[in-house]
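Below you'll find the structure, written out as structure tokens, and then a few comments.
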Amino acid sequence: MTSPTITVASYNMRKAIGIDRRRRPERVLEVLREIDADVVALQEADKRFGTRASAVPHALIDSHGLYKPVEFGVSHSRLAQAIPFSETLESKLGLGTKNLGWHGNAILVKREVEVIGFEALDLPTLEPRGAVLAELNVRGQELRVVGMHLDLSGLWRKRQVMRILDHIARRHRPMPTVIMGDTNEWREGSGVLKEFARGYTMADTGFSFHARRPVAALDRIIVERSLTIVACGVHHSVAASKASDHLPVWAKLSA
């Protein structure tokens, strides 16, 4: 009997700003509907300045109906938080105040997926960086998912990867694990990617950047070897070619 598959995807959504330089969060959700993954790791999911709120409003995710965000219970400090009744004031001004993830990293899951654990991780770097971790029950199968967006500097990328791998090994019980995100690594089979050689397999998804003319596989799905990669690829569509400067990558996995 064939094991059921779980579809995962990773998408640097560029704060919902498309290649036309317009912020259109509904395009991001349209792309996610096309992929129809069980679990999605997002990068650049929150605005960088101001209230640092989600680039895709929570109400829009709710009305979309397919996904729910994993709530990590963390928020970025904002100057406005020092002002009494700041959230009430921002609400009256129509400003979003709630972030979707941690340092732009977020995880969306289909509504029937059970979230059994979650954690936000700080990563070593010169600028604020983090990763998010969720432990899930997907149709009776446990799966750990880590979403990350690595630094532009190769030195810091290696330190960040080692922090993630060490954290999983020390703090969590064995569970099939997928690590996904924008690695900012242009070199195939070298650089920071070789740190995953022990215990993990790199899904051969293909080039995902730039959306206009993909020439680099910056976005990666890295799969623990207890899982089988049944199929994988880059999601090309009219919507995906406009919604961000990255194309989403996806993989179907089985135990």
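The values are calculated or read from the model by the stated rules, or taken from the named source; none is laboratory data. None of the values given here were measured: they were computed from a predicted structure. FYI the Cβ positions are ideal-geometry reconstructions off the backbone, even for glycines, and counts take in every protein chain you see.
Would you mind stating whether Arg163 is under 21 Å from Val109 (Cα atoms), surrounded by 14 or more Cβ atoms within 10 Å (Cβ to Cβ), modelled with pLDDT of 95 or more and of a type in the set (Lys, Arg)? In short, no. Note on the range 166-187: among residues that are under 18 Å from Pro248 (Cα atoms) and out of contact with any Gly (no Cβ under 9 Å at 6 or more places or on another chain), the one that is surrounded by the most Cβ atoms within 10 Å (Cβ to Cβ) is Asp182.
Please verify whether the range 180-193 includes one or more residues that are among the small types (Gly, Ala, Ser) and touching a strand residue (DSSP E or B) at 6+ places or on another chain (Cβ under 8 Å). Yes - at least one qualifying residue is present in the range 180-193.
Looking across the range 130-160 at every residue that is over 14 Å from the mean Cα position of the chain (by Cα), modelled with pLDDT of 95 or more and not charged (D, E, K, R), the one that is farthest from Trp250 (Cα to Cα) is identified as Gln160. Selection within the range 166-195: residues that are within 23 Å of Lys15 (Cα to Cα) and not aliphatic (A, V, I, L, M). The member of this set that is modelled with the lowest pLDDT is Trp186. Considering the range 188-197, the residues that are surrounded by fewer than 21 Cβ atoms within 10 Å (Cβ to Cβ) and touching a helix residue (DSSP H, G or I) at 6+ places or on another chain (Cβ under 9 Å) include one that is farthest from Ile107 (Cα to Cα), namely Gly191. Of everything listed in (1) in a helix (DSSP H, G or I); (2) modelled with pLDDT of 95 or more; (3) not hydroxyl-bearing (Ser, Thr, Tyr), the single unmet condition for Asp62 is (2).
Residues in the range 116-165 that are among the hydroxyl-bearing types (Ser, Thr, Tyr) and touching an Asp or Glu at 6+ places or on another chain (Cβ under 7 Å): Thr125 only. Taking every residue in the range 153-170 that is more than 18 Å from Asp182 (Cβ to Cβ) and without any contact (Cβ under 8 Å) to a residue 60 or more places away in the chain and pairing it with any residue that is surrounded by 16 or more Cβ atoms within 10 Å (Cβ to Cβ) and among the basic types (Lys, Arg), at least 6 positions away or on another chain, the pairs with Cβ-Cβ distances below 9 Å are Ile168/Arg144. Kindly establish whether Ala120 is touching a helix residue (DSSP H, G or I) at 6+ places or on another chain (Cβ under 8 Å), over 24 Å from Ala255 (Cα atoms) and assigned to a strand (DSSP E or B). Here the answer is no, as Ala120 does not meet what is asked.
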